[in-house]
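Colleague: Pasting a structure below so you can have a look.
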Amino acid sequence: MSPVPAVIDARRLERLGIEPAWSRSLPVLLADGPRVQVHALDAAPPGGPEPPLTVVCVHGNPTWSVMWRSFHQRLGDRYRVLAVDQVSMGLSERIGPRVYAQRVDDLGRILDAFEVDGPVVIAAHDWGGPIALGWAVEHQEQVLGILLANTGVAMPPGGVPLPIRFARHELLRDLGCRRTSAFLRTTLATGHGRIGNEARSAYLFPYGSAADRQAIADFVADIPTTPAHPSFTPLAAVADRVSELTVPVLIAWGERDPVFHLGFAADLRARLPQAELHRFPLAGHLVVEEEDVAALTDAWIERLLEPQPAVRRPGRPATGERGALLAALVARESDGTTAIAVGGGDSLSFATLAGRVASIAEGLRASGVAPGDRVALLAPDPPDFIAAAYACWAIGAVAVVVDRGLGFKGLRRALRSAEPRWLVGTRKTLGAARALRWAPDARPLDLAGLGADSARISDVVERHAPGADALAAVVFTSGATGPAKGVLYDQRTMAAQYTAVRECYSIGADDRLVAAFAPFALYGPALGIPVAVPDCDITKPASLRAEALADACAAVGATVVFAAPAALDGVLASRETLSAEGWKALGGLRLVLSAGAPVPQRTLEAFGALAPAAELHTPYGMTEVLSVADIDLETLARVGPGRGVCVGKPLAGVGLRIEPLPGGDGECGEIVVSAPWLSLGYDGLWATNDRARTVDEDGVEWHRTGDVGHVDDAGRLWVEGRLAHVVVTADGPVTPVPLEIAVTEATGLRCAVTGVGPVGCEQVVVVVENEGKAGLASPVIDQAVREALPHQPFAAVLAAPHLPVDVRHNSKVDRTRLGRWAGKLLEGGTAPRHI
């Protein structure tokens, strides 16, 4: 038996936010004889009644209880929080090797010694997961809920991760785990620089000598990689029994973990179907250290203790027709007229499209695709993309819709987060996915090999179409304010969305659509109208040329166009190239829709000259709920300027309210909406859903949009920016869009407003886009900005070579990123040209 490591001094504890009184050691009699000193960080509310529950935190390898200090800080004022150091780990006494079954038993004895006898919420990480679950299956009556973070109870498909294979080698294990601190330091390095020096030192502290690190090596040796391993059978038995646990489970996952990849999370969710998931896309293995998992757990425990009322959605049909998404296509399955055109060239008839959808659907089924399976669509050609999506819906598969507009990194992250079981694409796109490991566990299906059988779409829908509540799609936000988020839609909600668009814009059988954003081409078959996709780079909407748009319009005789504001700008910049035929094609438009970002009135007016017969509308909505409000150019002109961008009145069926900003004027606040076509929520982002969704006393679900604005006396909604971009000054919140509009109108320059400094006393900074320059704006521009904002104090006017915008729309400015750039510049640093 080895001595207890040196006790960590009080000053170091306090620097980490740990109260010295939390540090306790008690003797624990183990089943195999020895009595050992076990250390724990134990916090509880001072005085008052007994806390309603105990949060028991179980660390893994090679960490210790210090990892859970944020739980003590966040939760210790209301609950007891007990983070134990496992035997021979952290500040607990060192003894001989322990195997899995012993550690499960040890945990029970430790909890008895620390007198944990009431309701328990378990929080477990790494090896702590299977150990805590082993205890939980034997004490289900005591468990209120379970939080699992980057852990697992079985090896998912793909076998033992490579880092573990190396560490399992006896000589490497001894060198890296016991003789040196290489294993521990490598674990800390998975934080990608997000773990501070003080915290790193704390993790290293109990493991200063080879003797102190022996248990780290023992833990690695105890990983049961073969059935012959002594811990294989006990761990497998627990894995088999985990499904007995019926309590709520929350899984918190760092996606950049090189060992516990998302396959482990998928295995846990398969065993615990009630489990909720929250992914942290930027976190590594030590997700509890890198992210505020304590706040996540706090909100989750509140839901355990006070569940929300059941959700209902007014106006959403209680029942839905099977195959409603394909009804319009079924109705035209024998129609030889054009359904899809690409540019001014190739086209497919409705009959050909219907046959293609049917044959792909049968091919998917023959390949093993089952209802509910997620199928990522990697088909760059619009007709293939549309056919594959509708084929998925015809058989109840879930279409994972990603587009190059997410950018290379965004696309990879989106695919990995969606965890598709299948990839459908061309030989080229599937090869790229395999080489770049976009979705390494998904099975590839080449579109060229699908659809050999001749089938009728009506027959496929009759035999295989799912119910209206079947999950239909995972679509992704633009990623303008962080990693793109997957949004879930079922078939009923998508059908309701298409119906809302049809009714709002009076779209009928005689209409023809041009979609300058490829995913919106999916509207064509659902509405039963032809659709054309113009020839342009979808990752650069501003690359759309006037002649390309005109060619697409001519290909189907378009009456309706949807395009992002940047795409309209591209068309206007190239209008001099329009031929007489091009002018004629645009002259046939009756409706132009532009959305994705605020659309300047002057852009709509200029485009109106190209399409003089068209009504120009700017729908307001988001990936989570399309659409919310609408306004046309005529109304916009009549309303005139105001505070922000007027997006019109809510559509029929939309509920709208404003939650005022703290310290504001009471009128401006976050925009909160409800609608029959509101999405189901975010995929694998429990905390984001918890924050974004709320249910009122009538059971109506509302969505916090993340946008801020106000409603005028006429009931029109004005958008003033993003909640994350509000500058919180000492005098109150400042929304960016009204200031940006004023500056742009005064100077003619594109600009963005951001903040620098601590929240609560931030300083407003105006950044103008001035190609070729990075630094302080010229005196002329500085003076013009000051004259445009006579009543708004601000710290500086800066010039940037470009504003950071999202890839998809080329319109949404990342003001948070811009603020970091401005802060570095104003601190005296060198202003990088790339923001």
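Colleague: Listed highest first by mean packing, meaning other Cβ atoms within 10 Å per residue, what order do 334-342, 88-96, 433-441 come in?
Modeller: Result, highest mean Cβ count within 10 Å first: 88-96, 334-342, 433-441.
Colleague: How do the peptides 239-246, 704-711 rank, highest first, by the average count of neighbouring beta carbon atoms within 10 Å per residue?
Modeller: 704-711, 239-246
Colleague: While we're looking at this one, here's another question. Under a 1.4 Å probe, what is the accessible area of the chain per residue, stated in Å²?
Modeller: 40 Å²
Colleague: For segment 610-635 and segment 362-382, what is the centre-to-centre distance using only Cα atoms, to the nearest Å?
Modeller: Here the answer is 33 Å between Cα centres.
Colleague: Relative to the longest principal Cα axis of the chain, at what angle does helix 736-747 sit, 0 to 90 degrees, rounded to 10?
Modeller: 40 degrees
Colleague: Which lysines does LYS812 reach when only Cα atoms under 30 Å apart count, and residues fewer than 8 places away in its own chain are ignored?
Modeller: By straight Cα distance, LYS812 reaches LYS409, LYS485, LYS540, LYS649, LYS773, LYS824.
Colleague: Just add up the charged neighbours of ALA442: K/R +1, D/E -1, any other residue whose Cβ is under 9 Å from the Cβ of ALA442.
Modeller: Summing Lys/Arg as +1 and Asp/Glu as -1 gives +1.
Colleague: Quick one: Cα centre-to-centre distance for segment 214-261 and segment 473-508, in angstrom?
Modeller: Going from one Cα centre to the other spans 39 Å.
Colleague: Now, a different point. Positive end of the charge dipole of the chain (Lys, Arg +1 and Asp, Glu -1 on Cβ, about the Cα centre): tell me which of VAL625, PHE205, ALA370 has its Cα farthest that way.
Modeller: PHE205
Colleague: Mean separation of Cα pairs under 8 Å and 6+ residues apart, divided by the residue count of the chain: what relative contact order is that in percent?
Modeller: Across the chain, relative contact order equals 8 percent.
Colleague: Set Lys and Arg Cβ to +1 and Asp and Glu Cβ to -1, take the dipole of the chain about its Cα centre, and tell me which of THR187, PRO420, LEU661 lies farthest positive.
Modeller: Selected residue: THR187.
Colleague: Taking the Cα centre of segment 451-502 as origin, work out the dipole magnitude from +1 charges on Lys and Arg Cβ and -1 charges on Asp and Glu Cβ, in debye rounded to 20.
Modeller: 200 debye
Colleague: Please report, in Å, the Rg and the Dmax of segment 473-581, where both are computed over Cα atoms only.
Modeller: According to the Cα coordinates of segment 473-581, Rg and Dmax are 15.2, 45 Å.
Colleague: Taking the alpha-carbon distance from LYS428 and a cut-off under 17 Å, which aspartates and glutamates remain once sequence neighbours fewer than 8 residues away in the same chain are dropped?
Modeller: ASP381, ASP384, ASP403, ASP446
Colleague: Continuing with the same structure: Just how far, in whole angstrom, is segment 135-207 from segment 449-469 if you go by their alpha carbon centroids?
Modeller: 47 Å
Colleague: Same structure, new question: Report, in degrees rounded to the nearest 10, the 0 to 90 angle that the Cα long axis of helix 601-610 makes with the longest principal axis of the chain.
Modeller: 40 degrees
Colleague: Kindly sort LYS428, LYS812, LYS485 by accessible area of their heavy atoms, largest first, with the probe set to 1.4 Å.
Modeller: LYS428, LYS812, LYS485
Colleague: Report the local net charge at THR225: Lys and Arg +1, Asp and Glu -1, summed over other residues whose C-beta lies under 14 Å from its C-beta.
Modeller: +1
Colleague: I would also like to ask the following. Assuming a viscosity of 1.002 mPa s and a temperature of 20 °C, what translational diffusion coefficient in µm² per second does Stokes-Einstein assign to segment 143-294, Rh being the Kirkwood radius over Cα pairs?
Modeller: Value of D from the Cα-based Kirkwood radius: 129 µm²/s.
Colleague: Let's see if you can work this out: charge +1 on each Lys and Arg Cβ, -1 on each Asp and Glu Cβ, no other charges. What is the dipole magnitude of segment 1-152 about its Cα centre, in debye to the nearest 20?
Modeller: With only Lys, Arg, Asp and Glu charged at Cβ, the dipole is about 480 debye.
Colleague: Next question, about the same structure. Rounded to a whole number, what % of the accessible area of the chain do carbon and sulfur atoms account for, probe 1.4 Å?
Modeller: 53 percent
Colleague: Sequence gap at least 6, Cα distance under 8 Å: using those rules, report the relative contact order of segment 61-196 to the nearest whole percent.
Modeller: 18 percent
Colleague: What translational D, rounded to a whole number of µm²/s, comes out for segment 559-676 from Stokes-Einstein when the hydrodynamic radius is the Kirkwood one over Cα pairs, at 37 °C and 0.692 mPa s?
Modeller: It diffuses with D of about 209 µm²/s by this estimate.
Colleague: Using only Cα atoms, find the angle between the long axis of helix 427-436 and the longest principal axis of the chain, and express it within 0 to 90 degrees, rounded to the nearest 10.
Modeller: Around 30 degrees separate the two axes.
Colleague: For the chain, how big is the tail of P(r) above 56 Å, as a whole percent of Cα pairs?
Modeller: 15 percent
Colleague: Across 10 Å bins from the origin, how do the percents of Cα pairs in segment 17-153 run, short distances first?
Modeller: Final binned percentages: 13, 48, 34, 5, 0.
Colleague: Just to be sure I follow: if Rg is taken over the C-alpha atoms of segment 692-835 and Rh is the Kirkwood radius over the same atoms, what is Rg/Rh?
Modeller: Answer for segment 692-835: 1.02.
Colleague: Next up: Please report the net charge: other residues with Cβ closer than 10 Å to the Cβ of HIS59, K and R +1, D and E -1.
Modeller: That sum, taken over residues with Cβ under 10 Å, equals -2.
Colleague: Another one. Given +1 on the Cβ of Lys and Arg, -1 on the Cβ of Asp and Glu, and no further charges, what dipole in debye does segment 213-258 carry about its Cα centre, rounded to the nearest 20?
Modeller: Its charge dipole is roughly 80 debye.
Colleague: Tell me the relative contact order for segment 44-95 as a rounded percent, counting alpha carbon contacts under 8 Å between residues six or more apart.
Modeller: Relative contact order for segment 44-95 comes out at 42 percent.
Colleague: In Å, what Rg and Dmax follow from the Cα atoms of segment 191-268?
Modeller: 16.7, 43
The values are calculated or read from the model by the stated rules, or taken from the named source; none is laboratory data. Model, not experiment: these values are computed from the prediction. Ideal geometry is used to build each Cβ from the backbone, glycine not excepted, and the neighbour counts take in all protein chains shown. We work out accessible area using only protein heavy atoms, side chains counted, and drop any ligands, DNA or RNA first. Shrake-Rupley method; radii C 1.70, N 1.55, O 1.52, S 1.80 Å.
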